[in-house]
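Below is one structure; the comments refer to it alone.
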Amino acid sequence: MLKFLFQKRTVQVVCLLLAWFVIHVLLVSLDGFQDDLQKVDVGVVLGNKVELDGTPSERLRYRLDKAAQLYQEGYFPYILVSGGVGMEGFDEAEVMKGYLVQKGIPSDRIITDNRGVNTRMTALNTRKILDDHGLESVMVITQFYHISRTKLAFAQADFAPVYSAHAEYLEWRDLYSLFREFFAYYQYLLKQ
């Protein structure tokens, strides 16, 4: 009888955890796919992989294309590109800036953060950079599954509100990323 009760409790706990995971993934996806566009001071593009030939990965190009589109539509006068030096040996922020300049964005409208090695550092660095430039409001631009955690990190860095736009790029890898983001979100939430 005790063994049966233990098994029943175990099944209930597993079902509860699974439901929590599914609801979280649904909410993150809804948040990520629904752009929150407002006029702000700076559009912040979070870095991603640079290819071995020094060009932005497809995922990163879509983030940058979205930022260029929103810049040209007048949503923000500055773009901040944030990333570190990846395994490939390239400074993501400089590669991102170069790509945007090729897209017609004036160089003096692009701010680089080459110390944005993760989402939290990007948020903290952006806070300092914007304070130094007398700027305040932001719109974060990244993949849909990354929006919720990015907004959380920026809120923890004293940005409010945090607007967002997602890169219009989907791939099978996003399923893994949604799984990973579940744990990363709560890690950020608990590590204020």
Between region 134-162 and region 53-69, what is the C-alpha centre distance in whole Å?
19
Suppose all protein chains stay in the model; what accessible area per residue would a 1.4 Å probe give for the chain, in Å²?
55
Which of L16, L175, L60 ends up with the largest GNM mean-square fluctuation for the chain, with Cα atoms connected below 10 Å?
L16
Need one number: nm distance between label points at K49 and L37, each 7 Å from Cα along Cα→Cβ, rounded to one decimal.
2.9
Cross-link candidates for K49: which lysines have Cα within less than 20 Å, leaving aside residues fewer than 8 places away along the same chain?
K66, K97, K103
Using helices alone, what [θ] at 222 nm do you get for the chain, with -39,500 (n - 2.57) per DSSP H run of 4 or more residues, divided over all residues and rounded to the nearest 500?
-17500 deg cm²/dmol
Where a Cα-Cα gap under 14 Å defines reach, which aspartates and glutamates qualify for K151, not counting those fewer than 8 residues away within the same chain?
D31, D35, D36, E181
Going through the DSSP H helices of the chain, which span 30 Å or more along their own axis at the Cα atoms while scoring at least 1.0 as a mean Kyte-Doolittle hydropathy?
2-33
Working out 0.36 nm times the residue gap between E168 and L190, then minus their Cα-Cα distance, what length gain in nm do you get to one decimal?
4.9 nm
Taking all protein chains in place and a 1.4 Å probe, what share, in percent, of the accessible surface of region 42-135 do carbon and sulfur account for?
48
Only Lys, Arg (+1) and Asp, Glu (-1) charged, at Cβ; the chain dipole about Cα centre in debye
980
Report the residues of region 145-171 in range of a label on E136: point 7 Å along Cα→C-beta, backbone N strictly under 12 Å from it.
159-161
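The values are calculated or read from the model by the stated rules, or taken from the named source; none is laboratory data. As the structure is a computational prediction, the values presented were derived from the model and not from experiment. Neighbour counts are summed over all protein chains in view; Cβ atoms, including those assigned to glycine, are modelled from backbone coordinates with ideal geometry. Accessible surface areas use protein heavy atoms only, side chains included; no ligands, DNA or RNA. Shrake-Rupley method; radii C 1.70, N 1.55, O 1.52, S 1.80 Å.
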